[in-house]
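The values are calculated or read from the model by the stated rules, or taken from the named source; none is laboratory data. The shown structure was predicted, so the numbers you read here are calculated from the model rather than taken from an experiment. With ideal geometry, Cβ positions are generated from the backbone for all residues, glycine too; neighbour counts draw on all protein chains shown.
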Amino acid sequence: MNSVKFIIAISFLTFIFTFSVAQERVYIKKKEFFTTDEGFKEAWKNIKKGNFLFYQHRPASYKDAIPFYKDAIAYNTENAELNLILAICYLRSDPKAEALKYIQKAIDQKEDVHEKANFFLARALHHNLEFAKAIVEYDAYKETLNGKKLKEQSPIIDKYISECESGKILKKKTARIIINNLGPQINSAFDDYGAVLSSDGLRLVFTSRRGEKGDRINPMDDKYFEDIYTSDFVDSGWKEAENIGKPVNTDWNDAAVDFLDEKNMLIFYRGRERGGDLYTTLYKKGKWKNINSISNKVNSKKSKESAISFNADGTTMYFVSNMDDDSFGGKDIYYCILDDKGKKWSKPINIGDDINSEFDEESVFISPDEKTIYFSSKGHNTMGGYDIFISEYKYDSWTTPVNLGLPINTADDDLFMTILPNARDAYFSAIRKEGFGSFDIYHATILGPEKPLLLTNEDELLAGIATPIEESFIEESMKISYTRMTIVKGSVTDFNTGTPLASTIELVDNATGKLIKKTTSNKNTGSYLISLPSGKDYGFSANTDGYMFHSENFVVPEAQDYKEIFKDIKLQPITPGSKIILHNTFFETAKSTLRTESFSELNRLAKMFEKSPNLVIEISGHTDSRGSRSANQRLSVARAKSVVDYLKAQGVKAANLKAVGYNFKFPVASNKTKEGRQKNRRVEAKVLSN
């Protein structure tokens, strides 16, 4: 599907060491720590082990120090310095909200425990969404500064205060949403993030930092290198995630970016090549093959590209890069346009300062019609870290980005928003207290303003994997914008044997004759899925060598809401007696004049003769029962002849074609209803010999 995508390598997420770590030296005096002989020796050993890690001043070492400090604090819960250093560890790793109880304890025990105590308390309050209190502590800390320190530190403190001011406003109006952790089948004790899904939401591809003893460790953060995992949704929930393996996953960073199910294509980030680039791979015959770079226009030796999202027809791609060209600061969102020949991409174009801020942007997701964009940013009115924003394209420009607010966003990093076509199910990545590790993948069920909090059976399957968040977060309604879309899915099999077939599925805009989408059904299962954005008249066909093609006509109104159509297709071998209905062959009303919308389908029929020159086909015209038999006979014959004449103009020999009219002799539906009569007005192609 068109997603997301939209993902980054978590190793790129920089941890801001706001001020010099040298100022964060915390001295736990042995004499003050001692309370009793029992347990002291072991507790002091744990402090030493914790200190060894703490003073490495790396995100991973802060996190690794926490268990040792927590063991030590079990011996003496009142020591101010130990509580302080444990709070700093949480603030420098995650979950940051855990720092609050320790920093408050430290200050309660010793008001002057550290010169930056107010700052640490402010950060902890900030991450617990206590924005008003956090502002007080930020101001209090700022008042302790003067001269050079004030000049150096004011910009970041002022930004934190601005985030809290935004948080105060956003906290007053939270969205009516149910959020669930995807559970242990997907999330692990390690970072799991960047979910990209198929259009029907039944296949999930994501990135994980999980690993086993002996696997390579990224020296930047002491975590396992990224690998890509996949899972399918079944009746019982998500299946246990599986590593997709080589050749996509390597010993270095490999991260899922987008999954285009109609093309069986995965777009992924590979961190080793040229500092980080985007690649594609195709799923063929049960394996991932044909790894290729996206485009030299996107992938640059001088920059890192870490997220991508395509529009409906794949002619425009939006991506995130730290390239310098026209940058507004940090990482920005750019886009490229495919030329009319479908071969070359334009040079990257910055999407503009309506979207891009002076800070980093990340994880872009564009709706199929390019009218709505979701992205994460550290700028705009974020309440802290990366927040997820939405903007709509109106009157030739992007609207001011709107913060999605609580409970989607928090004061920590919230990333990788993916919206399914039903506009009800969303997936994102975040660090939460209730999580299994650091970053986890969450599912959001978006409730409409009039809907009760009862879930349908389908909702229970999608959202019932974990316990929903507290009701206090489910208040006002939240509007999620998305293109109205119809999903067609099913399987392609042999008409006689039921054997699954690898069939080429094509979607044509009947108004223009332009090929919109092309995909292939799964060779092993015959399954396929293709999406139809609203507002068009589509010609749909399934084509396999040696078989008659199958066609359907889908007219999707502009106002059509999300809909799923299940269509199992049974292809008939090109043998005498096999016949198909030409669903995309149209005539002027009550006439035999072919409409231009018919040409794509009839061209497809003509090509069958190129591969089977001895093929003889009967083209038969059929009508409904309204009017006289003689009038309908003349019309049915005339329409059959119009098709034959068109095929001959495309090079098919007259000897290979026979035109007949059957008026209303062979109905396929009742002539008593409008729908039945419409089905009876048709043209068929039947194999006479081959």
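Taken over segment 67-81, the criterion of being crowded, with 19+ Cβ neighbours inside 10 Å and assigned to a helix (DSSP H, G or I) is satisfied by PHE68, TYR69, ALA72, ILE73, ALA80, GLU81. Residue-level analysis places ASN614 outside the set of residues that are surrounded by 17 or more Cβ atoms within 10 Å (Cβ to Cβ) and among the polar types (S, T, N, Q).
Within segment 93-125, the residues that satisfy the criterion of being small (Gly, Ala, Ser), over 21 Å from GLY405 (Cα atoms) and within 34 Å of the chain's Cα centre (by Cα) are SER93, ALA99. As an exercise: evaluate ASP340 against (1) in contact (Cβ under 8 Å) with a residue 12 or more places away in the chain; (2) exposed (fewer than 14 other Cβ atoms within 10 Å of the Cβ); (3) over 15 Å from VAL257 (Cα atoms) and give the number of the one condition it does not meet. Going through the list (1) in contact (Cβ under 8 Å) with a residue 12 or more places away in the chain; (2) exposed (fewer than 14 other Cβ atoms within 10 Å of the Cβ); (3) over 15 Å from VAL257 (Cα atoms), ASP340 breaks only (1).
Name the single residue, out of those in segment 406-416 being in a loop (DSSP other than H, G, I, E, B) and under 21 Å from ASP192 (Cβ atoms), that is farthest from the chain's Cα centre (by Cα). Within segment 406-416, the match that is farthest from the chain's Cα centre (by Cα) is ALA411. Put simply, of LYS29, LYS63 the only residue that is at pLDDT below 95, surrounded by 19 or more Cβ atoms within 10 Å (Cβ to Cβ) and charged (D, E, K, R) is LYS63.
For segment 519-526, the criterion of being within 18 Å of GLY314 (Cβ to Cβ) and modelled with pLDDT under 85 is met by at least one residue. Comparison of ASN128, ASN79 shows that the only residue that is among the polar types (S, T, N, Q) and over 35 Å from the mean Cα position of the chain (by Cα) is ASN79.
Among the residues making up segment 645-665, a single one is surrounded by fewer than 19 Cβ atoms within 10 Å (Cβ to Cβ), of a type in the set (A, V, I, L, M, F, W, C) and within 48 Å of the chain's Cα centre (by Cα): ALA649.
If the condition is being in contact with a helix residue (DSSP H, G or I) (Cβ under 9 Å, 6 or more places away or on another chain), crowded, with 23+ Cβ neighbours inside 10 Å and in a strand (DSSP E or B), then segment 180-207 contributes TYR193, GLY194, THR207. For segment 366-386, filtering for residues that are under 17 Å from LYS168 (Cα atoms) and small (Gly, Ala, Ser) leaves 3.
Between ASP494, ASP545, ASP509, which is at pLDDT 85 or above and within 30 Å of ALA423 (Cβ to Cβ)? Being at pLDDT 85 or above and within 30 Å of ALA423 (Cβ to Cβ) holds for just one of ASP494, ASP545, ASP509, which is ASP509. Being over 17 Å from LYS159 (Cα atoms) and acidic (Asp, Glu) is a property that ASP354 has.
Look at LEU602 and say whether it is surrounded by 17 or more Cβ atoms within 10 Å (Cβ to Cβ), free of Cβ contacts under 8 Å to residues at least 60 places away in the same chain and out of contact with any Lys or Arg (no Cβ under 7 Å at 6 or more places or on another chain). Yes. Residues that are farther than 16 Å from ARG270 by Cα and hydroxyl-bearing (Ser, Thr, Tyr) were ranked within segment 208-257; the one that is surrounded by the most Cβ atoms within 10 Å (Cβ to Cβ) is SER231.
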